[in-house]
Each structure stands twice: as C-alpha cells, then as structure tokens.
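Step one of this worksheet: look at the structure below.
The values are calculated or read from the model by the stated rules, or taken from the named source; none is laboratory data. Please read these numbers as outputs of a predicted model, since none were measured by experiment. No Cβ is skipped: glycine too gets one built from the backbone with ideal geometry, and neighbour counts run over all protein chains shown. Note: accessible area is taken over every heavy atom of the protein model, side chains too, but ligands, DNA and RNA are not part of it. Shrake-Rupley method; radii C 1.70, N 1.55, O 1.52, S 1.80 Å.
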Amino acid sequence: LGKWSEPVKLPPSICTDANESNPIFNTKRTIMYFTRCPHVKNEKHGCDIWMSKKVGNDYSEPVMLALAPESTDKKDSSVIVVEHAALSADDATMVFASNMPGTKGGLDLWMVKLNPDGMPLGKATNLGGDVNTKKHDQFPFLRKNGTLYFSSDGYPGMGGMDIFMAEKTGEGTWGQVLNMKSPINSNGDDFGVAFDGDEERGYLSSNRQGGKGQDDIYRF
C-alpha cells in the first residue's frame with residue numbers, strides 16, 4: 001500500500017500541447033473521459049470534456065462532447081468552461097462543472113444523460129440551488145450509492161475550497177449539502193475527491209501545509 005510505479009504518458013492523441021486533466025473511466029474501463037483546455041499565448045480559451053475508447057492497449061482518437069450550447073458570439077463561446085466529468089455507477093448519468101449559459105455562479109454543477117455508447121442524450125440540466133452556489137462548484141464525484149461529492153468555495157468552510165457531500169434526493173436531484181470537515185478539509189484548497197473501486201479508501205488533492213509542492217495528492 002502506498003507504492004506506485006512510475007507514471008507513463010498516454011499517447012499524443014490524448015496528451016497534446018493543451019492542458020489535459022481529470023481522467024475518469026466507465027465501469028468496464030472501456031471509455032475514458034477527460035478535460036482538455038487549449039493553451040495559446042495571448043488568447044483566451046475555455047475547456048471541454050473529451051471521450052476516448054480503449055482499443056487494445058491504446059486509445060482511440062478522442063471526440064469532444066458537445067455539452068455547452070453553441071453561441072453565435074465567438075468571444076463568448078471561446079471562454080465557456082466544461083470540465084471535471086463524473087459518472088454514475090450505471091454509466092448512464094454524467095455530472096460536470098461549467099459556466100455555460102444558465103449557470104447561477106462562477107461554475108455550477110450540471111448533469112446529462114448518456115446513451116449506451118457513452119455519448120450525451122439531450123441537453124444538460126443545472127443541478128439548481130440545492131447544490132450550486134453563487135461562487136465555484138466543481139470537481140464532482142458520484143459514489144455507488146448515488147451520493148454526490150464536490151468542491152466549492154461558495155459554502156461556509158474551513159478556508160479556500162472545501163469538499164462537500166450531497167445526498168441523492170431523487171432522480172437527478174441532490175440536496176442536504178454537508179461539509180466533510182477535518183481531516184478531509186483544511187485551511188487550504190481541498191478538491192478532486194475520489195473513492196477507489198471498493199470505496200474503502202479515497203484520494204483528494206490539496207495545497208495544505210506539509211505537502212511536497214503546490215497541489216499534492218493525499219490518501220484517506
């Protein structure tokens with residue numbers, strides 16, 4: 001426990017000169033979703049969620065998911081952020097963060113249904129005021145029982161961005177948001193929580209004191 005191999009970079013079709021992050025997999029490990037944010041000097045770009053399928057020991061050319069509505073104003077559409085995909089246990093629902101039109105704060109949590117091929121079905125819907133705040137709500141994760149975990153700086157917390165949980169209250173609805181408190185949260189930024197396969201352990205990212213760099217990964 002705690003020993004890891006050297007990380008290996010994924011192929012150039014996945015790892016480009018853009019910023020790629022937050023990869024997740026479906027239950028069968030046949031589909032990977034990740035966030036890609038283009039980086040061009042002196043230009044503003046948003047982020048999108050991309051999908052790639054496992055082909056043998058490799059991955060297919062990724063496809064961008066059209067989750068945000070198209071805008072006729074190119075300046076507005078270029079700074080729309082769609083990021084941080086999370087999947088339900090049955091792979092039929094995706095929750096993600098975005099500032100697309102209809103967002104109530106900086107970044108809101110949204111959800112969309114997926115077809116058996118892992119592609120979006122219909123329009124995304126905002127999770128609403130029972131979860132979202134007027135600030136940033138992002139980095140969602142769905143446990144097997146449907147409980148939603150996410151990070152926010154819009155609720156009272158311990159400092160910076162804290163990790164919260166929200167109980168599933170219905171089909172596609174969550175509420176009763178609770179702060180995870182110490183030792184999960186600190187007076188720094190705590191985000192990106194994820195539970196492993198058996199859900200007896202989990203991981204999070206934090207810039208709390210005592211780390212090795214800026215944002216470190218912790219196990220609990």
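For this structure, a couple of remarks:
- For segment 46-59, residues that are open to solvent by 30 Å² or more (accessible area, probe 1.4 Å), at negative phi and more than 15 Å from the chain's Cα centre (by Cα) total 6.
- Only one entry of PRO62, PRO101, PRO38 meets the criterion of being farther than 22 Å from SER13 by Cα and over 16 Å from the mean Cα position of the chain (by Cα), and that entry is PRO101.
- Residues satisfying the stated conditions in segment 120-177, i.e. surrounded by fewer than 18 Cβ atoms within 10 Å (Cβ to Cβ), in a strand (DSSP E or B) and among the β-branched types (Val, Ile, Thr): THR125, THR169, THR173
- Candidate set: segment 107-119, residues that are more than 13 Å from the chain's Cα centre (by Cα) and without any contact (Cβ under 8 Å) to a residue 40 or more places away in the chain; chosen: the one most open to solvent (accessible area, probe 1.4 Å): PRO116
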